[in-house]
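J.: Quick one: structure below, then a few questions.
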Amino acid sequence: MGAAMTESTHASESTTECTTTSTTTRSAPADAPVPDTRETSAPGRDLSDDTRLGLYSTMVLSRTYEEAILREYHADKGPGFDIGKGLIPGEMHLSAGQEPVAAGVCAHLTAEDAVTATHRPHHFAVAHGVDMKKMTAEIFGRTTGLGRGRGGHMHLFDPDVHFSCSGIVAEGYPPALGMAFAFKRRGTDAIAVAVAGEGAANQGAFHESLNLAALWKLPVVFIVEDNEWGISVARTASTAVSSNAVRAAGYGIPGERIEDNDVEAVYQAAGRAVERARAGEGPSLIEVATLRLWGHFEGDAQGYRTDLDDITALDPIPRYESRLREAGVLDDAAVDSARERAVTQVEEAIDFAKDSDIPDPADLMKYIFAEEER
Amino acid sequence: MGAAMTESTHASESTTECTTTSTTTRSAPADAPVPDTRETSAPGRDLSDDTRLGLYSTMVLSRTYEEAILREYHADKGPGFDIGKGLIPGEMHLSAGQEPVAAGVCAHLTAEDAVTATHRPHHFAVAHGVDMKKMTAEIFGRTTGLGRGRGGHMHLFDPDVHFSCSGIVAEGYPPALGMAFAFKRRGTDAIAVAVAGEGAANQGAFHESLNLAALWKLPVVFIVEDNEWGISVARTASTAVSSNAVRAAGYGIPGERIEDNDVEAVYQAAGRAVERARAGEGPSLIEVATLRLWGHFEGDAQGYRTDLDDITALDPIPRYESRLREAGVLDDAAVDSARERAVTQVEEAIDFAKDSDIPDPADLMKYIFAEEER
Amino acid sequence: MTSTDTTQATQQARRRLNTSKAMVEAITQEMERDDSIVYLGEDVGEYGGIFSSTTGLLERFGKDRIIDTPISETAFIGLGIGAATEGMRPIVELMFADFLGVCLDQIYNHMAKIHYFSGGNVKVPMVLTTAVGGGYSDGGQHSQTLWGTFAHLPGMKVVVPSNPADAKGLMTSAIRDDNPVVYMFHKGIMGLPWMAKNKRSIDIVPEGEHLVPIGKARVAREGSDATIVTLSLSVHHSLDVAEALAGEGIDVEVIDLRSLVPLDREAILDSVRKTGRLIVVDEDYLSFGVSGEVVATVTDVDPGLLKAPVKRVTMPDVPIPYAHDLEYAALPTRDRIEAAVREVVS
Amino acid sequence: MTSTDTTQATQQARRRLNTSKAMVEAITQEMERDDSIVYLGEDVGEYGGIFSSTTGLLERFGKDRIIDTPISETAFIGLGIGAATEGMRPIVELMFADFLGVCLDQIYNHMAKIHYFSGGNVKVPMVLTTAVGGGYSDGGQHSQTLWGTFAHLPGMKVVVPSNPADAKGLMTSAIRDDNPVVYMFHKGIMGLPWMAKNKRSIDIVPEGEHLVPIGKARVAREGSDATIVTLSLSVHHSLDVAEALAGEGIDVEVIDLRSLVPLDREAILDSVRKTGRLIVVDEDYLSFGVSGEVVATVTDVDPGLLKAPVKRVTMPDVPIPYAHDLEYAALPTRDRIEAAVREVVS
Ligand SMILES: Cc1ncc(C[n+]2csc(CCOP(=O)(O)OP(=O)(O)O)c2C)c(N)n1
Ligand SMILES: Cc1ncc(C[n+]2csc(CCOP(=O)(O)OP(=O)(O)O)c2C)c(N)n1
Ligand SMILES: [Mg+2]
Ligand SMILES: [Mg+2]
């Protein structure tokens, strides 16, 4: 797992630290009875300082990573902006602002658990401990990359931590079912986390996956990141209901919506859902109201957006930082050290990528098919 | 409209005759408030005798039609059973037992309204007044058929009554949205009815269509025919919830499930939904617990089915007949006359089909593209 | 059990199966040796597969391994992909190839590309089985072959058996392949009791382990006057025509491609080098598909090999009509094949 | 307004637009004359289309006619189909052709087949626009052209403009066509400010009504030594090569197909009859696609027309790689085209 994910944020603690906060709501499933996992989650107890620090550090690491990618991405796109140019060419979807979701969810996972992410995968990759050097090398299109330069930023596969992602909206959900299916058959308690945006929740694959996972009680946690936008289309222009959590009732599974991009509320809800999945009780759906701090992709002028004026005030990292400072969990030294550790790790990864080889065009046709081995 | 659809079953009466019966349930949508259309439906009033007779006659006509198709289909498949042989070759999905759904829904429609049906389309075609001669000729693959023999039993298009169907499960839903969209823009109060089976309700197209129709308040009534089987797969093995009506809440629209294949309850629920759609208030979802009296398709031995022993007792037509006899609405003479009228119309259609020309192979490439006309 | 076993070799000469039973036998034998194999799809359990692709498997392997799915092709094919990336070897059935439109993204953007995107680090050892073909008036959404569509999209192998022994051997190879393999079986080769059968749909099938290598075409009949390159059900129509014309001294070679990806280009070239005359018989649509690729295989190397215009006997570019006579006007029938051969050799 | 108007004809000679503006102009003019036209798709409203396919349309026609959709391609393409069958003329945008996998059923089993299934009684006058192509490292799920896939499936026309004037003329014709037309625009021809532009992406565009007939190829450059048959962005690379080789006395003819369905087979044949040498340049995958069909068009008639092996300069059968150098090794670049021409004429 990634170095900045302190062990204290891992699953072992979730069973005792989950609480119900006022920012979480769980809609009552209208159909088959669903066990109330809150009962087993020791409601009322706060997160430990270590857990909070862990969440904070993960968010900082993710942001630090994306700031570096942002810098490298724009470093050599000119003159003007040519998307195909530079050390990092192509579309670039950054997740700044959405770190609370990944940090809160992945804190409950181990390297045995799977995550299928979206076209905006970095925060989940970082939080789930994808090898940062190899990931960065992939984003730079190098032979040392996760996909030897074949995949790119939307196609990061790290089998060591069962991480994958897809550029096709909502189509990362179905493979997560299969990973969960394999884990279940193998008798492990590993689970799969499937991530999608609120825009993706209107795709057919979303519906089919929830039904099938619920029907077969697969150990999956479905995450919907509601950043209010699907590129330029506002949530209200894409979705007939104001909370995707209500859709969970259509599958007889728990559905929960976390408001206000609250990392601790995410952590607690995810704890319940992960526990339920590991216990063989089936999937859950968690929607998190989060924030797309930057454009849909780099180069997006966001002319359609009217909520940008006060947006920095909503940045979840300074907000969580203040909260932890007020709670006495964080001080200047801790903040600095989190940042420094993050910067070190990130810049090492960037350097690693830059120092790596560019693929040889002669190898174009390699890796299409696996060699026969059996 | 078809001759046996007596005018008394048409929409004009629905506004005054809808009642709420104990067999209907309407799940409270969890999200956006939904107007309770029952208030405008004069609850508590019974259906008029004419309406009941109309429903009965439609069901009888549909059954009579399918019995004739059944006879013709099997007449010359031998020796043995060769699906490709005979006057009617190919797959044949008959709807016997499901007549209450089509009769109850289509009683509210006029020829201006659209119906998109499934691979099992005959009962809706009959109830919606598709030209029976042309439909039969199409099923016999003749030049006088609705599609000049190109379409066949799963591809019946009758633009005069805006009827269509599709052999791809759930994919009849999306086009219904467009028909409704066109009607709405044109300022008419015509609506579209989209039909699917309970198996289809787990397809992505179902979800996407409900969301989009709800979002744009399109005048659509979504019907789910729950005959408990998707070919050999029981509903419990395909669907995570016991009622698709609960899924309506995921789109903020009314959802209703009718139990016991009750044609009058269907009529009443459909009346509310159609009224709501015509009033510009958007779509509704109605699931009807119905009955697949025969095999999935002809030739299906149904070895997987354990509910066949008492199945004839569940046949909705004799059941409704007794009910109407008890209520004094129907007597021997009326029953006989309904059957006789049906038989006459059906056999005329069969004769018409048989007397029609077989397409000339030289015309194979006709009708792929429309001639340019503008 | 291997096919080199002597006792079995003797039996093999006698034992005849129809194609669906041969397919099921391969699946059975592989499921017995590898419990990471499961079979998922619609009506594959108690029903035994609409086209008998799984008859008896549920009874043998139980509900945990022979699994009926909801009608959610995107979800369950995606599930197969995810399971394959986690070390299982799922076989997933798409009931009709015509339904690819509701799940193609999982197939071509995920199943087929994950291995490459991962730089070879993630394998997707999955078999996608699917029924193809018409000829029984099932209409334009249930009669297509569409193998050209699958074969055009890189990253998945595509195999297309024509007879019982190959059905078994290609299935075994597909299951053991570490790559996604699309296994397309024509309804007309299965030997179904309720559909017109070609006479070779029941034939000798090796009993033990039997592998047919993926990517090797088969010379179904040797001949010197003209080459028919074809696949699946059309192999039989082509053989029938070849046999009929043999009496007239027209000696037709018939190549059964067996696999579209990889395509055995050498086999095509070898035959055309010999005969100089090419007919492609393909039940898929004419344009932008298999027939053009077979032709280009020759012209890539030497158009001079072709001594006459190539005849392409295929489904024309028309949605498949329902009425029997129209459908048979569109299908690559024996009559059309025969006329094409006569024209090419004239 | 027609292009025969004299004043306009004078202006036409002067007025230059980039391809996206030319496309939008056609849509604007048609929307003004026919209010049954609406434009539906993701980010087509305020954003103006990810590849500027709808810039300014929302401001001009308002939210009732320029309509942002949810990310539900099956639903909104199906909606377009239903609306078309009820007399509207919707234009529906699939943001990237690569996404066809989530909605192909509506496209190929419904949009393309309803007219035939209905025996001509139901028309589907709909335009499906979609962006294709790579060259900017967008990875294997956002860089495909896939026109071979669309063109293989019967019942829909497929047009592929290469320059501003054709983009306008083909769009006008597509909108007026009573059939479903898939309009595939390559990102590299649009003249987008944020992407490498080919030098012909800004060019003269007739101002008034401008129609380019669907199904007629264009001789983009006359020549006598070799024929390049190509389409879309590759037309420009091919022209560049032809211009470069002209200096060496190699005279290359370049055919811009403009439409794959219908395919202008006569134009291909006419050129090959003249030159005897054929290169097909196609950014779609090599096998089972456009390049094979172009070749078969010749061999169907007379393989003897080909005096040398055909060169197919295409995307090989590989998922499109992300890394720039790998992607450019796969793309049909000028270098690869030039080498192919040299080989063919040698
Ligand atoms: C099937 C499909 N349709 C459209 C797209 C283009 N696209 C990429 S991201 C995106 C918006 C996704 O919105 P959301 O799911 O909310 O995720 P976010 O970008 O906000 O993280 C769209 C439309 C796609 N990649 N796949
Ligand atoms: C996308 C798709 N998948 C599978 C099928 C094959 N198929 C045809 S009907 C059917 C069962 C449909 O069940 P349901 O929706 O309940 O309708 P019913 O047949 O019971 O009326 C299936 C699986 C199909 N036609 N389309
Ligand atoms: Mg979003
Ligand atoms: Mg059913």
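The values are calculated or read from the model by the stated rules, or taken from the named source; none is laboratory data. This structure is a prediction, so every number in the text was calculated from the model and none was measured. Glycine also receives a Cβ, built like all others from the backbone with ideal geometry; neighbour counts cover every protein chain displayed.
J.: Give the number of residues within the range B:122-141 that are crowded, with 24+ Cβ neighbours inside 10 Å and part of a loop (DSSP other than H, G, I, E, B).
T.: Final tally of qualifying residues: 4.
J.: Just to verify a result, which residue in the range C:56-96, among those that are touching a Ser or Thr at 6+ places or on another chain (Cβ under 7 Å) and small (Gly, Ala, Ser), is farthest from ligand 1 (Cβ to nearest atom)?
T.: My answer is C:87.
J.: Among the residues of the range B:322-374, write down those that are within 14 Å of chain C (Cβ to nearest Cβ) and not in a helix (DSSP H, G or I).
T.: B:356, B:357, B:358, B:359, B:360, B:364, B:365, B:366, B:367, B:368, B:369, B:370
J.: Mind counting the residues in the range B:187-231 that are hydroxyl-bearing (Ser, Thr, Tyr), farther than 14 Å from residue B:174 by Cβ and crowded, with 24+ Cβ neighbours inside 10 Å?
T.: Total satisfying the criteria: 0.
J.: Could you check the range D:22-137 for helices (runs of 4 or more DSSP H) lying wholly inside it with 3 or more residues that are away from ligand 4 (no atom under 16 Å from the Cβ), of a type in the set (A, V, I, L, M) and assigned by TED's automatic domain parsing to the domain that holds residue D:154?
T.: Answer list for the range D:22-137: D:73-85.
J.: Is it the case that some residue within the range B:214-234 is more than 16 Å from ligand 3 (Cβ to nearest atom), touching a Cys at 6+ places or on another chain (Cβ under 9 Å) and modelled with pLDDT of 95 or more?
T.: no
J.: Across the range A:201-230, what is the number of residues that are more than 20 Å from residue B:249 (Cα to Cα) and within 16 Å of ligand 1 (Cβ to nearest atom)?
T.: 5
J.: Residues A:204, A:250: which one is touching a Leu at 6+ places or on another chain (Cβ under 8 Å), more than 16 Å from ligand 3 (Cβ to nearest atom), farther than 21 Å from residue A:184 by Cα and modelled with pLDDT of 95 or more?
T.: A:250
J.: Also: Kindly check whether there is at least one residue in the range A:155-173 that is of a type in the set (S, T, N, Q), more than 7 Å from every other protein chain (Cβ to nearest Cβ) and part of a loop (DSSP other than H, G, I, E, B).
T.: no
J.: Let me ask something else about it. Do any residues in the range D:89-104 that are within 14 Å of chain C (Cβ to nearest Cβ) have Cβ atoms under 6 Å from those of residues that are away from ligand 4 (no atom under 16 Å from the Cβ) and of a type in the set (Ser, Thr, Tyr), where the two are at least six apart or on different chains, and which pairs are they?
T.: D:94/D:130; D:97/D:130; D:101/C:108; D:103/D:74
J.: Can you run down the residue pairs with Cβ atoms below 7 Å, 6 or more apart or on separate chains, where the first is in the range D:136-160 and closer than 20 Å to residue A:86 by Cα and within 14 Å of chain A (Cβ to nearest Cβ) and the partner is part of a loop (DSSP other than H, G, I, E, B) and among the polar types (S, T, N, Q)?
T.: none
J.: Among the residues of the range A:179-216, which ones are in contact (Cβ under 8 Å) with a residue 24 or more places away in the chain and over 23 Å from residue B:205 (Cα atoms)?
T.: Result: A:179, A:180, A:181, A:183, A:184, A:188, A:189, A:190, A:191, A:192, A:193.
J.: Can you tell me which residue in the range A:193-234 is farthest from ligand 2 (Cβ to nearest atom), limited to those that are of a type in the set (D, E, K, R) and either away from chain B (no Cβ under 13 Å) or farther than 21 Å from residue A:106 by Cβ (or both)?
T.: Looking at residues that are of a type in the set (D, E, K, R) and either away from chain B (no Cβ under 13 Å) or farther than 21 Å from residue A:106 by Cβ (or both), I get A:228.
J.: Which of (1) in contact with a helix residue (DSSP H, G or I) (Cβ under 6 Å, 6 or more places away or on another chain); (2) at pLDDT below 95 does residue A:350 not meet, given it meets every other one?
T.: The one condition residue A:350 does not meet is (2).
J.: Let me ask you something else. Check the range A:255-267 and report whether any residue there is closer than 24 Å to residue B:237 by Cβ, within 14 Å of chain B (Cβ to nearest Cβ) and away from ligand 1 (no atom under 14 Å from the Cβ).
T.: Yes - at least one qualifying residue is present in the range A:255-267.
J.: Determine, yes or no, whether residue B:161 is within 18 Å of the chain's Cα centre (by Cα) and buried (at least 24 other Cβ atoms within 10 Å of the Cβ).
T.: no
J.: Hey, another quick one. Residue under question is residue B:209, and the condition is that it be in contact with a helix residue (DSSP H, G or I) (Cβ under 8 Å, 6 or more places away or on another chain), more than 10 Å from ligand 4 (Cβ to nearest atom), hydroxyl-bearing (Ser, Thr, Tyr) and at pLDDT 95 or above; does it hold?
T.: So residue B:209 passes the test.
J.: Answer with yes or no whether residue C:46 is within 14 Å of chain B (Cβ to nearest Cβ), closer than 25 Å to residue C:103 by Cα and either within 16 Å of ligand 1 (Cβ to nearest atom) or surrounded by fewer than 20 Cβ atoms within 10 Å (Cβ to Cβ) (or both).
T.: When the stated conditions are applied, residue C:46 passes them.
J.: Collect the residues in the range B:79-94 that are free of Cβ contacts under 8 Å to residues at least 60 places away in the same chain and crowded, with 23+ Cβ neighbours inside 10 Å, keeping them in residue-number order.
T.: Matches in the range B:79-94: B:89 only.
J.: Would you confirm whether any residue within the range A:350-372 is without any contact (Cβ under 8 Å) to a residue 24 or more places away in the chain, among the β-branched types (Val, Ile, Thr) and more than 23 Å from residue A:75 (Cβ to Cβ)?
T.: yes
J.: Kindly provide the set of residues from the range A:231-254 that are more than 13 Å from ligand 1 (Cβ to nearest atom) and closer than 21 Å to residue D:69 by Cα, ordered by number.
T.: Selection gives A:240, A:241, A:242, A:243, A:247.
J.: With respect to residue D:156, determine if the residue is at pLDDT 95 or above, buried (at least 24 other Cβ atoms within 10 Å of the Cβ) and under 24 Å from residue B:205 (Cα atoms).
T.: no
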